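Beneath this line is the structure, given in structure tokens, with notes to follow.
The values are calculated or read from the model by the stated rules, or taken from the named source; none is laboratory data. All figures in this text were calculated on a predicted structure; none of them were measured in a lab. When we count neighbours, we look across all protein chains shown, and the Cβ atoms used for this are built from the backbone with ideal geometry, even at glycine. Please note that ligands, DNA and RNA were not included when accessible areas were found on the heavy atoms of the full protein model with its side chains. Shrake-Rupley method; radii C 1.70, N 1.55, O 1.52, S 1.80 Å.
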Amino acid sequence: ELKVEQNPLFLSMQEGKNYTIYCNYSTTSDRLYWYRQDPGKSLESLFVLLSNGAVKQEGRLMASLDTKARLSTLHITAAVHDLSATYFCAVLASGTYKYIFGTGTRLKVLA
Amino acid sequence: DAGVTQSPTHLIKTRGQQVTLRCSPKSGHDTVSWYQQALGQGPQFIFQYYEEEERQRGNFPDRFSGHQFPNYSSELNVNALLLGDSALYLCASSLGGRRSDEQFFGPGTRLTVL
């Protein structure tokens with residue numbers, strides 16, 4: 001069964017620093033999604049990655065997908081406090097309509 | 001443009017009771033998926049409805065059932081509630097024609113089972 005793992009689970013970083021969150025998945029998939037969730041809130045869609053080598057950027061966040069390595073990364077550039085949230089990746093299992101979410105990365109940006 | 005709406009916002013039930021949660025999809029969307037998110041965990045896929053039928057199901061027992069109406073709104077029913085059913089229940093809508101389309105999530109219903 002498809003499993004999705006994220007690391008790190010927790011990340012505390014200072015403002016202005018760069019960091020990367022990793023999302024590994026266990027079986028074939030060519031559809032990967034990144035979401036943000038603030039405490040007590042719902043999920044906000046950040047990126048949809050649909051093909052190998054896809055790269056998308058929005059503000060200080062950049063996501064990429066390597067389907068051969070079964071790996072996606074979410075890179076944070078020059079972090080600011082407003083980026084503090086939990087970030088989830090989700091994979092659409094091949095041949096199905098079933099979305100599998102990762103464990104989440106709880107990011108805290110310190111001023 | 002109305003986004004995904006869910007009702008109620010919060011709900012408290014006791015073990016053994018039954019509950020119905022409701023979801024209205026984003027305007028123009030025809031597919032509804034339901035998720036269970038326990039505290040500190042990622043969302044777990046329950047099932048997806050398209051054209052008024054359950055198109056895909058996750059690893060949830062038959063106590064979890066659903067329905068989709070002709071206007072694309074959906075209900076999630078949970079019977080014989082257990083303490084472990086306490087969670088945030090999220091509804092997401094999308095366009096069903098393509099597998100890859102982006103999902104938009106509603107605000108969720110917080111269910112507490114005592």
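I'd like the trypsin sites (Lys or Arg not before Pro) in region A:1-86 restricted to DSSP loop residues with at most 15 other Cβ atoms within 10 Å, sorted by number.
Working: sites: A:Lys3, A:Lys17, A:Arg31, A:Arg36, A:Lys41, A:Lys56, A:Arg60, A:Lys68, A:Arg70; in loops: A:Lys3, A:Lys17, A:Arg31, A:Lys41, A:Arg60, A:Lys68, A:Arg70.
Passing both the DSSP loop test and the Cβ count: A:Lys3, A:Lys17, A:Lys41, A:Arg60, A:Lys68.
At a 1.4 Å probe, what is the % contribution of carbon and sulfur to the accessible area of region A:1-106?
Ligands and nucleic acids excluded, carbon and sulfur reach 49 percent.
Across all directions of projection, what mean area in square nanometres is found for the Cα convex hull of region A:4-110? Walk me through the intermediate numbers first.
On the way: hull surface 24.7 nm².
Reported value for the Cα convex hull: 6.2 nm².
Rounded to the nearest whole Å², what accessible area per residue is found for chain B with the 1.4 Å probe? Intermediate results must be reported in sequence, preceding the final value.
Working: 5350 Å² over 114 residues.
Value returned for chain B: 47 Å² of accessible area per residue.
From largest accessible area down, sort A:Ile100, B:Ile46, B:Ile12; use a 1.4 Å probe on the protein chains.
Values: A:Ile100 30, B:Ile46 0, B:Ile12 120 Å².
Of A:Ile100, B:Ile46, B:Ile12, the descending order of accessible area is B:Ile12, A:Ile100, B:Ile46.
With the whole protein complex present, A:Ser72 retains an accessible surface near 0 Å², based on a 1.4 Å probe.
With one equal scatterer per alpha carbon and no solvent term, the Debye-computed log10 I(q)/I(0) for region B:5-113 at 0.21 1/Å reads -1.11.
Distance from the Cα centroid of region B:1-42 to that of region A:63-81 is 29 Å (rounded to whole angstrom). Counting lysine pairs in chain A whose alpha carbons fall under 17 angstrom apart, excluding pairs fewer than 8 residues apart on the same chain, gives 4. Here the protein assembly as shown is assigned +1 on the Cβ of each Lys and Arg and -1 on the Cβ of each Asp and Glu. Its dipole about the Cα centre then comes out at about 500 debye.
Using +1 at the C-beta of Lys and Arg and -1 at the C-beta of Asp and Glu, which of A:Pro39, A:Val55, A:Leu92 has the Cα lying farthest in the positive direction of the dipole of region A:4-110? Farthest along the dipole direction, towards plus: A:Leu92.
With the simple model of a label 7 Å out from the Cα in the direction of the Cβ, B:Asp101 to B:Gln56 spans 1.4 nm.
For region B:1-92, a crude dipole built from +1 on the beta carbon of Lys and Arg and -1 on the beta carbon of Asp and Glu, taken about the Cα centre, is about 380 debye to the nearest 20.
Per-residue SASA remark: B:Glu75, around 40 Å² accessible (1.4 Å probe; ligands, DNA and RNA not included). With every protein chain in place and a 1.4 angstrom probe, the accessible-area ranking of A:Met13, A:Met62, largest first, reads A:Met62, A:Met13. Rg ratio for the protein assembly as shown: its Cα radius of gyration over 2.2 N^0.38 Å, N being its residue count, equals 1.01.
Taking 25 Å as R0, compute the FRET efficiency from the Cβ-Cβ separation of B:Ser7 and A:Glu44 and round it to 0.05. Let's see the in-between values first.
Details: r = 20 Å, r/R0 = 0.81.
Between B:Ser7 and A:Glu44 the formula returns 0.80.
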